[in-house]
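**Student:** Structure provided below as structure tokens; questions to follow.
The values are calculated or read from the model by the stated rules, or taken from the named source; none is laboratory data. Since we're looking at a predicted model, the values are computed, not measured. Every residue, glycine among them, receives a Cβ derived from its backbone with ideal geometry; neighbour counts consider all protein chains shown.
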Amino acid sequence: MTGRVTRWLRGRPSTTESTAALWATALLDAVLFFGLFMAILPWVAHRLLPQILPLPPAIRTWAGAVLVAVGVCIVIACVDTFVRRGRGTQLPTEAPRYLVTDGLFAVVRNPIIVAELMVIWGEALYVASVGVVLYALAASVGGHLIVRYIEEPELRRRFGESYDAYCRAVPRWVPRLRPGKA
């Protein structure tokens with residue numbers, strides 16, 4: 001069982017040709033992913049540790065809403081880039097066939113995870129419960145570990161030197177202010 005899960009997580013290049021089919025797959029994945037990681041798990045975390053943190057209501061509302069809105073927009077833009085340029089999706093089973101290094105991927109190597117974490121942190125601010133803040137911390141650490149130890153080695157294996165050059169040119173997490181060609 002572990003071998004199958006590992007192979008699935010490693011992914012393989014997408015074999016789907018249709019842009020519409022790729023978009024359908026990407027949207028289904030996004031709905032399921034967002035449903036679990038941005039709705040169900042934060043709700044459970046809040047129910048387990050509902051103590052409210054003393055944050056000013058304006059910060060909770062505005063900062064939380066802005067992070068969620070910007071994060072969702074970034075995810076949509078990145079999924080579009082994966083579908084159109086990479087000819088794949090964010091799903092490991094439909095991984096992009098081509099290394100995507102432009103658009104938001106020229107600013108930061110992992111804009112989808114950054115955006116997803118923006119949504120989670122936006123929820124953490126908006127709800128301001130200890131449980132959701134701890135969940136956001138765990139999601140941040142988990143996201144880093146997945147990228148560092150699963151995603152990056154797989155991309156190195158698939159794209160070789162072009163991925164290494166991309167890594168040298170574009171930071172993993174902190175967006176660079178002046179995007180350039182990777």
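**Student:** Given the conditions (1) aromatic (F, W, Y); (2) more than 17 Å from the chain's Cα centre (by Cα); (3) closer than 20 Å to T25 by Cα, and given that F82 satisfies all but one, which numbered condition is not satisfied?
**Tutor:** (2)
**Student:** Regarding the stretch 92-105, can at least one residue be identified that is assigned to a helix (DSSP H, G or I) and of a type in the set (K, R)? Spell out the reasoning first.
**Tutor:** To start, the set of residues in the stretch 92-105 that are assigned to a helix (DSSP H, G or I) comprises 92-94, 103-105.
Filter again for of a type in the set (K, R), leaving none.
No: the stretch 92-105 contains no residue that is assigned to a helix (DSSP H, G or I) and of a type in the set (K, R).
**Student:** Does I112 qualify as being closer than 21 Å to V72 by Cα, in contact with a Cys (Cβ under 7 Å, 6 or more places away or on another chain) and either aliphatic (A, V, I, L, M) or touching a residue at least 60 places away in the same chain (Cβ under 8 Å) (or both)? I'd like the intermediate steps shown before the answer.
**Tutor:** Working: closer than 21 Å to V72 by Cα: yes; in contact with a Cys (Cβ under 7 Å, 6 or more places away or on another chain): yes; either aliphatic (A, V, I, L, M) or touching a residue at least 60 places away in the same chain (Cβ under 8 Å) (or both): yes.
Yes; evaluated as a whole, the condition is true for this residue.
**Student:** Condition first: touching a helix residue (DSSP H, G or I) at 6+ places or on another chain (Cβ under 8 Å) and either surrounded by fewer than 22 Cβ atoms within 10 Å (Cβ to Cβ) or β-branched (V, I, T) (or both). Now tell me which residues in the stretch 96-109 satisfy that.
**Tutor:** Applying the first criterion (touching a helix residue (DSSP H, G or I) at 6+ places or on another chain (Cβ under 8 Å)) to the stretch 96-109 yields 96-105, 108-109.
Those that are touching a helix residue (DSSP H, G or I) at 6+ places or on another chain (Cβ under 8 Å) and either surrounded by fewer than 22 Cβ atoms within 10 Å (Cβ to Cβ) or β-branched (V, I, T) (or both): R97, Y98, L99, V100, T101, D102, G103, L104, V108.
**Student:** Which count do you get for residues in the stretch 126-179 that are farther than 18 Å from H46 by Cβ and outside any helix (DSSP H, G or I)?
**Tutor:** Total meeting the criteria: 11.
**Student:** While we're looking at this one, here's another question. So which pairs qualify, if the first residue must be in the stretch 23-38 and closer than 14 Å to T93 by Cβ and in contact (Cβ under 8 Å) with a residue 60 or more places away in the chain, the second must be not aliphatic (A, V, I, L, M) and not in a helix (DSSP H, G or I), the Cβ gap must be under 6 Å, and the two must be at least 6 apart or on different chains?
**Tutor:** T25/T89; A26/T89
This table checks each residue for (1) modelled with pLDDT of 90 or more; (2) in contact with a strand residue (DSSP E or B) (Cβ under 6 Å, 6 or more places away or on another chain); (3) of a type in the set (K, R).
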{"site": "I76", "(1), (2), (3)": "yes, no, no"}
{"site": "T81", "(1), (2), (3)": "no, no, no"}
{"site": "G88", "(1), (2), (3)": "no, yes, no"}
{"site": "D102", "(1), (2), (3)": "no, no, no"}
{"site": "V108", "(1), (2), (3)": "yes, no, no"}
{"site": "G122", "(1), (2), (3)": "yes, no, no"}
